[in-house]
Amino acid sequence: MIPVMEFRQFSEQQPAFRVLKPWWDVFTDYLSVVMLMIGVFGCTLQVMQDKIICLPQRISSSENTSQAELKSLLHLQTNISAAPKEMRGLKTNLDIQQYSFINQMCYEKALHWYAKYFPYLVLIHTLVFMVCSNFWFKFPGSSSKIEHFVSMLGKCFDSPWTTRALSEVSGENPEDKEHRNSSSDIALSPGEGRLEKTQSLRSIPEKLVVDKPSASVLDKKEGEQAKALFEKVKKFRLHVEEGDILYLMYVRQTVFKVFKFLLIIAYNSSLVNKVRNRVRCEVQIQDMTGYKEFECNHTMAHLFSKLSYCYLCLVAVYGLTCLYTLYWLFYRSLKEYSFEYVRQETGINDIPDVKNDFAFMLHMIDQYDPLYSKRFAVFLSEVSENKLKQLNLNHEWTAEKLRQRVQTNANNRLELQLFMLPGLPDTVFELTELQSLKLEIINNVTIPASISQLEDLQELSLYQCSLKLHTSATSFLKENLKVLRVKFDENRELPNWMYGLRNLEELYLVGSFSTDASKNIVLESLREMKCLKTLSLKSNLTKIPQSIVDVSSHLQRLYLHNDGTKLVMLNNLKKMTNLIELELVRCDLERIPHAIFSLTNLQELDLKENNIRSIEEIISFQHLRKLTCLKLWYNGIMYIPEHIKKLGSLERLYFSHNKIEILPSHLFLCNKLRYLDLSNNDIRFIPPEIGVLQSLQYFSVTCNKIENLPDELFFCKKLKTLKLGKNSLSILSPKISYLALLTYLELKGNHFELLPQELGYCRALKRSGLIVEETLFETLPSDVRDQMKAE
């Protein structure tokens, strides 16, 4: 007997794959099992029992008696009612081996092939049906997709941590959710309905952002698993929607089964009557047995006939089921799947419709249980994913953890800096002491109404962040925000709501604009910033936007940092009469713009990294009576005109990184100078008039070609920083002792052989402030060295 379990491998698939087997596949599987049992039963009978029994047939008698005499004898014997006698058949004089030979020959020659091989045909056809029904589960191109899909589907539906995550996403009480788990559905809170018009977390209403379920409901591990599942579903969707191999495989195997059904019905219907009990057999074996005609009985003909009719009925039902499957495949649009009913029930309107193989598998899932696709749909929602990320974020970044990251920034404000987070934790708004919030490279940032809890918030920095404001949050920032810093990569990331910040005092924008995009700065919307005093633009502007001129009446500081793009048409600067600080950095300027000379209130001017070679216009600075700081560094200036003496109000002067060779003595008539930087030039000589600068505190001539220092330099007794490094000096005057306030002295990179012991009189100078080679430092007396090393 052949066990049916031996054939299980032909149709075996993972138990989880049952969700992709609709009712008709399950039904045909059971039909296949019954047909398989018929085939196995028939094959077993063929093996275990005699197949055919034959007897020789006599046509004429060549013996002693004629046919008539034989009949009379038989009739006489039947009528004799005398004493009982032993009944005997006709003598054939054949032995058992001859009978076996005759049976075998007649089975091969006389019996119809259908009657002989019927069980085997049933078995083969059934195995083909079973293999074909499950072929798409085994084919490498489709089985991997099915395996991944079923794995994700099971996690979305069955995993306890997924259920708990969804309960928090919907804003339900976790305890209430536990009582509803048996309903096998995704219950969403009434507030979830407010997501109907949302496309992402950027537009989540206030209620959904502010509500913060207890972090203990969803632990870190479960949150990370849910996050990974969202990512896996997203990648799987992108991969599966590219093709339709699953759909084609299923259609082809169904079409094949229909053709096979028609074939089986056709030939079985015509051959089933060939299964007969009595078979006449004529074989030329008379020389071996004495007979050539035989009458045979097919012992299993009656049973095979019944089994064949039963088999035909089963195949007919199987085929009709396959025809219905074909109708379902071609009548419905199975390459598209709409989650409209899920969107209506859950209120999550951003669940996308899917196509191709992804859609086909969901249609198959619906035939098993529509609840699977309903739960699975939640993991396709960007809103749901972002809300889950928000829960994980709140769990990871507690208020105490954030409070440990609060520091005091350069503006002496308590600042919290967050870098490359998946979102903005709601716990940030529990830090009521915050005065500055700095966000860097954070996408999908939503500022909820709860920002109003940060009553001391005055500064906001957004560096490459996508941000959306709640209406109440916008109102709060309009009233409270004083400083806004925005760094963007694309123009779309420049927030439009910033133009309505009427109490804003400082605005810093960093990013590149195209020619058309620069018009967004010229929207004349800066007019609403009535309190704006500081404006910084680090971009690629070719001209000063009109919107800057619109705020010129109250603008005090303007910083324009270009990327090397030439800035032209600077006449608008004349209108900014209230400017006290102006920076035009890397603007490809070749001369000092004349419009600057009209800024009578200007106190600081920075023209760093331009192409200025001549500064003859410097005489016009004499009209700027309040100018105290002039920065002409990182240019190509070759000489300083004598007109520099007219700038008597200068206190800080930057001429570093130019090509200056000679210092005019008139330079030192600016006797208010406290800071003078002449480093990185070609200067060889320092005029003795430098001694006039009695207010000088910082003097740098590093990276020049100076060979000697005038003694008058040491009459500048207020010097605290003196940088003489990388020159050609060989002697340091003992008069260095006059600089009692000196705290920083750079001598490294010269040709000194020893240091004067008078350095010991510079009591404020310590070893950390003396930049010199170690071997040269050792030339000082030991007491001087000890004095400097003592902190």
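The values are calculated or read from the model by the stated rules, or taken from the named source; none is laboratory data. This one's a predicted model, so the numbers in the text were calculated from it and none came from an experiment. All Cβ positions, glycine included, derive from the backbone under ideal geometry; neighbour counts span all protein chains shown. Just the protein is used for accessible areas: all its heavy atoms, side chains included, with ligands, DNA and RNA removed. Shrake-Rupley method; radii C 1.70, N 1.55, O 1.52, S 1.80 Å.
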The one condition in (1) assigned to a loop (DSSP other than H, G, I, E, B); (2) surrounded by fewer than 20 Cβ atoms within 10 Å (Cβ to Cβ); (3) touching a residue at least 24 places away in the same chain (Cβ under 8 Å) that Ser461 fails to fulfil: (1)
If you scan segment 450-490, which residues turn out to be more than 28 Å from Ser539 (Cα to Cα) and in contact with a Phe, Trp or Tyr (Cβ under 8 Å, 6 or more places away or on another chain)? Ser450, Ile451, Ser452, Gln453, Leu454
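State the number of residues belonging to segment 763-791 that are under 25 Å from Tyr698 (Cα atoms) and assigned to a loop (DSSP other than H, G, I, E, B).
Of all residues in segment 763-791, those under 25 Å from Tyr698 (Cα atoms) come to 763-774, 776-777, 780, 784-785, 787-791.
Those still in the list that are assigned to a loop (DSSP other than H, G, I, E, B) too: 763-766, 772-773, 780, 790-791.
The qualifying residues number 9.
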Somewhere in segment 601-609, is a residue open to solvent by 10 Å² or more (accessible area, probe 1.4 Å), closer than 20 Å to Lys659 by Cα, assigned to a loop (DSSP other than H, G, I, E, B) and at pLDDT 90 or above? yes
Kindly evaluate Thr398 against the criterion of being more than 27 Å from Ser143 (Cβ to Cβ), surrounded by fewer than 19 Cβ atoms within 10 Å (Cβ to Cβ) and of a type in the set (Ser, Thr, Tyr). yes
Counting residues that are open to solvent by less than 20 Å² (accessible area, probe 1.4 Å), under 30 Å from Phe294 (Cα atoms) and modelled with pLDDT of 75 or more, which helices (runs of 4 or more DSSP H) fully inside segment 96-168 reach at least 2? 96-109, 113-133
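Are there any helices (runs of 4 or more DSSP H) wholly within segment 208-307 with 2 or more residues that are at pLDDT 75 or above and surrounded by fewer than 14 Cβ atoms within 10 Å (Cβ to Cβ), and if so which? Lay out the reasoning, then the answer.
Numbers: elements: 220-240, 245-271, 286-289.
Helices (runs of 4 or more DSSP H) meeting the threshold: 220-240, 245-271.
Take Leu627 and tell me if it is in a loop (DSSP other than H, G, I, E, B), within 18 Å of Arg557 (Cβ to Cβ) and open to solvent by less than 10 Å² (accessible area, probe 1.4 Å).
Details: in a loop (DSSP other than H, G, I, E, B): yes; within 18 Å of Arg557 (Cβ to Cβ): yes; open to solvent by less than 10 Å² (accessible area, probe 1.4 Å): yes.
For Leu627, the condition - in a loop (DSSP other than H, G, I, E, B), within 18 Å of Arg557 (Cβ to Cβ) and open to solvent by less than 10 Å² (accessible area, probe 1.4 Å) - is met.
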State yes or no: is Glu712 of a type in the set (D, E, K, R), farther than 22 Å from Glu604 by Cβ and assigned to a helix (DSSP H, G or I)? yes
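Considering only segment 314-368, state which residues are open to solvent by less than 50 Å² (accessible area, probe 1.4 Å), under 21 Å from Met152 (Cβ atoms) and not in a helix (DSSP H, G or I). First the steps, then the outcome.
If we filter segment 314-368 for residues that are open to solvent by less than 50 Å² (accessible area, probe 1.4 Å), which is where we start, we get 314-316, 318-319, 321-322, 325-326, 328-329, 334, 337, 339, 342-343, 346-348, 350-352, 354, 356-366.
Now restrict to residues that are under 21 Å from Met152 (Cβ atoms): 334, 337, 339, 342-343, 346, 348, 350-352, 354, 356-366.
Matches in segment 314-368: Leu334, Tyr337, Phe339, Ile348, Asp350, Ile351, Pro352, Val354.
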Does Tyr311 fit the bill of being open to solvent by less than 70 Å² (accessible area, probe 1.4 Å) and either touching a Phe, Trp or Tyr at 6+ places or on another chain (Cβ under 6 Å) or more than 30 Å from Glu108 (Cβ to Cβ) (or both)? no
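Whether any residue in segment 421-436 is assigned to a strand (DSSP E or B), under 24 Å from Lys530 (Cα atoms) and touching a residue at least 12 places away in the same chain (Cβ under 8 Å) is what I want to check.
We begin by selecting, within segment 421-436, every residue assigned to a strand (DSSP E or B); these are 436.
If we keep only those that are under 24 Å from Lys530 (Cα atoms) too, we end up with 436.
So of that shortlist, the ones also touching a residue at least 12 places away in the same chain (Cβ under 8 Å) come out as 436.
Within segment 421-436, one or more residues are assigned to a strand (DSSP E or B), under 24 Å from Lys530 (Cα atoms) and touching a residue at least 12 places away in the same chain (Cβ under 8 Å).
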Scope segment 585-600; condition in a loop (DSSP other than H, G, I, E, B) and touching a Lys or Arg at 6+ places or on another chain (Cβ under 9 Å); matching residues: Arg586, Cys587, Asp588, Leu589, Glu590, Arg591, Leu599, Thr600
Out of segment 486-505, which residues are modelled with pLDDT of 90 or more and open to solvent by 50 Å² or more (accessible area, probe 1.4 Å)? Glu505
Right, Asn411: modelled with pLDDT under 90, in contact with an Asp or Glu (Cβ under 9 Å, 6 or more places away or on another chain), open to solvent by 10 Å² or more (accessible area, probe 1.4 Å) and in a loop (DSSP other than H, G, I, E, B) or not? yes
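Which one is surrounded by the fewest Cβ atoms within 10 Å (Cβ to Cβ) among residues in segment 638-683 that are in a loop (DSSP other than H, G, I, E, B) and of a type in the set (S, T, N, Q)?
Residues of segment 638-683 that are in a loop (DSSP other than H, G, I, E, B), as a first pass: 638-641, 647-651, 655-664, 670-674, 678-683.
If we keep only those that are of a type in the set (S, T, N, Q) as well, we get 649, 656, 658, 671, 679-681.
On the way: Ser649: 17, Ser656: 21, Asn658: 25, Asn671: 13, Ser679: 21, Asn680: 20, Asn681: 24.
For segment 638-683, the residue satisfying everything is Asn671.
Condition check ((1) closer than 19 Å to Ile615 by Cα; (2) surrounded by 20 or more Cβ atoms within 10 Å (Cβ to Cβ); (3) out of contact with any Pro (no Cβ under 7 Å at 6 or more places or on another chain)) across all residues:
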site: Leu558; (1), (2), (3): no, yes, yes
site: Thr565; (1), (2), (3): no, no, yes
site: Leu584; (1), (2), (3): yes, yes, yes
site: Arg591; (1), (2), (3): yes, no, yes
site: Phe597; (1), (2), (3): yes, no, yes
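Does Leu678 fit the bill of being over 23 Å from Gln556 (Cβ atoms) and modelled with pLDDT of 95 or more? If you could, list the steps in order and put the result at the bottom.
Numbers: over 23 Å from Gln556 (Cβ atoms): yes; modelled with pLDDT of 95 or more: yes.
So Leu678 passes the test.
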